[in-house]
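Colleague: I have a structure here, written as C-alpha cells, and I will follow up with some questions on it.
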Amino acid sequence: MIQKYKQHSAGFLFTLVLGAFSMWLSKLIPGDIIGSSVLALVLGMILHPVLEKIPQISSGVKFVSKKILKLGIILMGITLSFSQVLMVGKYALMLMVFTLLTAFGGGYALSKIFKVNWKLYSLLSTSTAICGGTAVATLGPVIEADDKDIAYAISATFLFDLLTVIAFPWIGHAIGLSDTSYGLWVGTAVNDTSSVVAAGYGFSEIAGSFAVIVKLTRTLFIIPIVLIFSYIHTRNKIRSTQGSEFDKKINIVSIFPWFILMFIAMVTVKSTGLVPENIVTGISFLSKLFMVMAMSAIGLNTSLKEVKGVGWKPMFLGVCIDSSVVFVSLGAQAILQRLF
C-alpha cells in the first residue's frame, strides 16, 4: 500500500505546485474574471507534453484526477447547508425548475440537431444547470467522460461566464432590475461560482449576496443529477454490450456513486451549525485546492489539439444552452411575479 502511494507522490506534488500557482495567479487578475480552476486546466493542457518526457508523474496525475477530485467534491459539502434552500424560498426554487428543464431539455434537443455525443452535451447541460466547472468535474468520472470532453465543457463554460461578468451588471441596470431580481437572475443563469460573485457584486452588495446564496442552492442539485446520469450511463453500457436484447436489471448498489453520500454527510454537518467558522474556512480552502489540483491533472492528461479537435458544434451548443437559460430565467421571473 505504501509503495503504491509512493508511485503517486511525484504526480501529486507536481499538480499541487501547479494548483497552488494557479490559485495565486488567479488572485492577481482583477475582478475575479478568470477562476483558478480554469487557469489550472489551461496550464495543465499547455504542460501536457511534460507527461511524455517525465513518465514518472503519470500515475500520480491520474490519481489526482480521479481520487483527489472526489475528495475535493466531498469536502466542498462543508460550504453548503440545507438551510440555504429554505433561505432562498419557494420563489427561487420554482425559478430553478424552469432553468433546469431548459438546460437539460434544450441540451438534449440541440444535441440531436448538431449530432453531439451524449456525454459531452450532458456535461455542457449540467454545467449550465448546476454549477459550472465543479458540476462538470463531478459528473465527468461518473459517466466515464473523456478528459478532452471535460476540458472542452469547462472551457465553454469559462468563455460564456467571461461575457456574463462583463455584460450582466450593465444589462441589469439598463432594464431596471431590483437588487433581488438581479441577484436571482445571476444566481440561476451564471455558471461558475467565481463568475456569480463577480457579476453579482458588480451590481450591488445586496444583489451579490443573494446571487451567491441562490447559486449555492443550485449546487445541491448536483446530488440527484449525478444519480440520474449514473443510471443512464449504466443503461447505455448494458445496451451497447447486449445490442437490442436489453432485459438485464441494473444493480443500483454497484453503480451508486458512493462519494455523493459523503458529500451529503458534509452538507449535513454544516447544516447543524455546530462546526466553528475557522474549521469551515480551512476545509473549504482544502476542498478548493484539491479541486484546482484535479483540474490541472485533467489538463495534463489532455492536449490542446484534442480539445480543438472536438470542433465548433459543441461550443455553439453550449452557447445556445447558456443563452436559453439567461432568457428563460428573466422570463420566468416575470411570470412568477404576476402569479405570486
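Computed from the coordinates by the stated procedures, all read-outs in this text should not be read as laboratory data. Remember, it's a predicted structure, so these values are computed and weren't measured experimentally. With ideal geometry, Cβ positions are generated from the backbone for all residues, glycine too; neighbour counts draw on all protein chains shown.
Colleague: How many angstrom lie between the Cα centre of segment 104-164 and the Cα centre of segment 263-340?
Modeller: The two parts, judged by their Cα centres, are 11 Å apart.
Colleague: Take peptides 140-149, 63-72, 308-317 and line them up by average Cβ neighbours within 10 Å, highest first, as a rough protection proxy.
Modeller: 63-72, 140-149, 308-317
Colleague: Express in nm, to one decimal, how much length is gained between Leu163 and Leu261 on full extension, taking 0.36 nm for each residue of separation and deducting their alpha carbon distance.
Modeller: 31.8 nm
Colleague: Using only Cα atoms, what is the ratio of the radius of gyration of segment 128-250 to 2.2 N^0.38 Å?
Modeller: 1.32
Colleague: Then there is this: Kirkwood hydrodynamic radius, computed over distinct alpha-carbon pairs, for segment 1-145: how many Å, to one decimal?
Modeller: The Cα-based Kirkwood calculation yields 17.8 Å.
Colleague: For segment 139-251, with only Lys/Arg (+1) and Asp/Glu (-1) charged at the beta-carbon, what is the dipole magnitude about the Cα centre, in debye rounded to 20?
Modeller: 400
Colleague: For a Förster distance of 51 Å, can you work out the FRET efficiency between the beta-carbons of Lys305 and Glu205, rounded to the nearest 0.05?
Modeller: 0.70
Colleague: Continuing with the same structure: As a test of the formula, what do you get for the chain when each DSSP H run with n ≥ 4 contributes -39,500 (n - 2.57) and the sum is divided by the residue count, at 222 nm and rounded to the nearest 500 deg cm²/dmol?
Modeller: So the helix-based figure for the chain works out to -25500 deg cm²/dmol.
Colleague: Taking the chain as the reference, fit the longest principal axis to its C-alpha atoms, fit the long axis of helix 147-174 to the helix C-alpha atoms, and give the angle between the two in degrees, 0 to 90, nearest 10.
Modeller: It works out to around 20 degrees.
Colleague: Distance cut-off 25 Å, Cα to Cα: go down the list Lys6/Lys53; Lys66/Lys305; Lys53/Lys308; Lys112/Lys237; Lys112/Lys308; Lys6/Lys27 and report the pairs above it.
Modeller: Lys6/Lys27
Colleague: Need one number: the % of Cα-Cα pairs in the chain sitting beyond the 34 Å mark.
Modeller: 23
Colleague: Could you check which residue among Ala109, Ala129, Ala156 shows the biggest mean-square fluctuation in a GNM of the chain with a 10 Å Cα cutoff?
Modeller: Of the options given, Ala109 has the highest mean-square fluctuation.
Colleague: Residue-wise, which Karplus ³J(HN,Hα) couplings in Hz belong to segment 320-327, taking 6.51 cos²θ - 1.76 cosθ + 1.60, θ = phi - 60°, and x for glycine or proline?
Modeller: 5, 5, 4, 5, 4, 5, 4, 6
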